[in-house]
Each structure stands twice: as structure tokens, then as C-alpha cells.
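Worksheet: one structure, shown below.
The values are calculated or read from the model by the stated rules, or taken from the named source; none is laboratory data. Just so it is clear, the structure is predicted and the values come from calculations on it, not from any experiment. When we count neighbours, we look across all protein chains shown, and the Cβ atoms used for this are built from the backbone with ideal geometry, even at glycine. What goes into the accessible areas is simple: the full protein's heavy atoms, side chains included, and nothing from ligands, DNA or RNA. Shrake-Rupley method; radii C 1.70, N 1.55, O 1.52, S 1.80 Å.
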Amino acid sequence: MIETTTQIDTGEGQMTTFICHPERDGPHAPVLMLMDAPGIREELRDMARRLASTGYCVFLPNLYYRAGSDPTFGADVLEHGSDEHTRMRAIRTKMTIPP
């Protein structure tokens, strides 16, 4: 498995994107894998790796890139009240468009 993390230029800054694909010759059909609300974490990278192992090139962009440097969260981001959960909620709240 070949894995890389790259910065993709956008109109609002650079978006960190995890990319993985098989080592064998391509072409590899691209898959855009979108994160869920808790953000990028190792479980999502593992899902991307499993999908890539079947012959795809998987792109997993960090959609929270506007919140600053790579906000990657630990496993306890899903535990209500944990430090990681609180940090994730603060980023989401900062990005929310007011009604």
C-alpha cells in the first residue's frame, strides 16, 4: 500500500488530504471518501486503506482545514465530554454559518 498526505490548494487555504492506493500498477479508479462529523481519525484512514486494497485510489480530505492546521482527532472523539470531543465541537461551532 502506498500512502501519502498532501496539501491541496483551495480558495480558502490548503486542505490536508490522505491518499492511499495499491502498490501494483494502475490505473486505480479514484474514490473520494468524505469524513464524518468527528473528523479525520485513524479509523477513517483504516477504512481508506481497506478500500484501496481492493484496487482503488482513495482520497480522504480534511474538511475542517479552514479551522487551522490539520485538526486530526484521537479515538475518544466519539466519547461525549472527552477532551477530543470538546475540541471537535469547538471547531465545528466556529465553522457553522449563523442562521
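Summary of values
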read-out: Inter-residue pairs, beta-carbon under 9 Å, first open to solvent by less than 60 Å² (accessible area, probe 1.4 Å) and in the range 39-53, second part of a helix (DSSP H, G or I) and not aliphatic (A, V, I, L, M), 6+ apart; value: G39/R92; R41/E84
read-out: The range 54-90, subset under 17 Å from D9 (Cβ atoms) and open to solvent by 60 Å² or more (accessible area, probe 1.4 Å), residue modelled with the highest pLDDT; value: F59
read-out: Residues (among the aliphatic types (A, V, I, L, M) and modelled with pLDDT under 95) located in the range 21-43; value: M35, A37, I40
read-out: Residues that are part of a strand (DSSP E or B) and open to solvent by 90 Å² or more (accessible area, probe 1.4 Å), drawn from the range 8-38; value: D9, Q14, P30, L32
read-out: Flag if A75 is touching a Lys or Arg at 6+ places or on another chain (Cβ under 9 Å) and farther than 17 Å from A90 by Cβ; value: yes
